[in-house]
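Worksheet: the structure to be examined is printed underneath.
Just so you know, all these numbers are worked out from the coordinates, no wet-lab data involved. Note that the structure is predicted; figures quoted are calculated from it, not measured. Please note: Cβ atoms are built from the backbone with ideal geometry, for glycine as well, and neighbour counts cover all protein chains shown.
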Amino acid sequence: MTEYRVFIEKAGRNYSAYSPDLPGCIATGKTPEETARNMREAIELHLEGMADDEAYDKWFVEECERRMDEPHLTREQVEGEFGL
C-alpha cells in the first residue's frame, strides 16, 4: 500500500487536513481523529477519481486518434465534438 504524507492543522473551531502528494485532496473534522478518518476516505475517493480520469483520458486519446484517421473528419471536427 502506498503511503501519503498528510498534514492536519487547527483551523479555527475545527481541523483541516491535506496531502501535498495529492493536490486538491482535503478533509476537515471537529477533532484531529475525525479529520484523519475523513482524510483516509478523501484519499480513497481521490485515488478512485484519478483512476477513472486515467481510464477516460486513455479512451479519449484513442477515440480522437481513431476519428482523426477517418478521411471524412477533420481535426477541427473531432476537437469540436469533444469541446476542445
In a shell of Cβ-Cβ distance under 13 Å around Glu3, excluding Glu3 itself, what net charge do Lys and Arg (+1) and Asp and Glu (-1) give? +1
Taking all pairs of distinct alpha-carbon atoms in the stretch 1-50, Kirkwood radius in angstrom: 10.8
Would you mind putting 7-13, 43-49 in packing order, based on average other-beta-carbon counts within 10 Å, highest first? 43-49, 7-13
